[in-house]
1. Could you derive backbone 3J(HN,Hα) for the stretch 32-39 from the dihedral phi with the Karplus parameters 6.51, -1.76 and 1.60 (θ = phi - 60°), listing whole Hz in sequence and x where the residue is Gly or Pro?
2. Below 14 angstrom from the Cβ of residue 119, what's the summed charge of the other residues (Lys, Arg +1; Asp, Glu -1)?
3. Can you list, by residue number, the Cys in the chain that have no neighbouring cysteine C-beta under 4.7 Å?
4. Amide H to amide H, which residues 5 or more places from residue 110 or on other chains are under 5 Å from it, using H placed in the peptide plane?
5. State which entries of 24/145; 24/132; 23/102 exceed 19 angstrom in Cα-Cα distance in the structure shown.
6. Using each residue's phi in the stretch 99-114, evaluate 6.51 cos²θ - 1.76 cosθ + 1.60 at θ = phi - 60° and report the 3J(HN,Hα) Karplus result to the nearest Hz, with x for Gly and Pro.
7. For residue 105, enumerate residues with amide H under 5 Å from its amide H, sequence gap 5+ or separate chain, H modeled in the peptide plane.
8. For the stretch 134-142, just list the computed ³J(HN,Hα) in residue order, Karplus coefficients 6.51, -1.76 and 1.60, θ = phi - 60°, integers in Hz, with x standing in for Gly and Pro.
Amino acid sequence: MRKLLIALLALPLAAIAGDKDAKKRDFAKTVRLQGTVVCLGCELEKDGADAQCTLHAKHAQGLRDADGNLWSFVDNLRGHGLVTGESLRGREIRLRCWTFPKARFVEAWQYEVKDGDAWVQWSYCRDCGWEKGDYGDTDLCGDCKE
Ligand SMILES: [Zn+2]
Ligand SMILES: [Zn+2]
């Protein structure tokens, strides 16, 4: 009886605790997501939100995918450049990322920017920041690796 009670109590906790097997940076789970970098607040204003974009969020950017869904970037070391990089606003990009669909958040790993007909690859070096190039699954550019 006692065991059953504990099991019953533990059940809802397990249900809200998320996927306990989820681990960070599982490259097998990265996906490609294409869309346009937009200011999330300004997009929400169009739908009637009083986003007050200039007050706190300072035009924090996210991604609008082909279906019109808005995604927020996880604002970590990599994501911050996407959230704040004004030169990316309005540009079409293709992210290599992890998606968290319930929250509509994406954690960026790399991205490509559409430039005319070409896609230009950008990667993140933890010493140099975002740079053009492809560092694969590493977080250091060629110069910093040596
Ligand atoms: Zn805005
Ligand atoms: Zn570097």
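Every number in this text was worked out from the coordinates using simple rules, so none of it is lab data. Since this is a predicted model, take the numbers as computed values, not measurements. All Cβ positions, glycine included, derive from the backbone under ideal geometry; neighbour counts span all protein chains shown.
1. Result, rounded to whole Hz: 9, 10, 9, x, 10, 6, 9, 7.
2. Every neighbour counted, the sum reads +1.
3. Lone cysteines by the Cβ rule: 53, 97, 144.
4. Under 5 Å from the amide H of residue 110: 96.
5. 24/145; 24/132
6. 9, 10, x, 4, 9, 6, 10, 10, 9, 7, 10, 9, 8, 10, 10, 6
7. 72, 100
8. In residue order, the calculated couplings are 10, 9, x, 8, 9, 10, 9, 6, x Hz.
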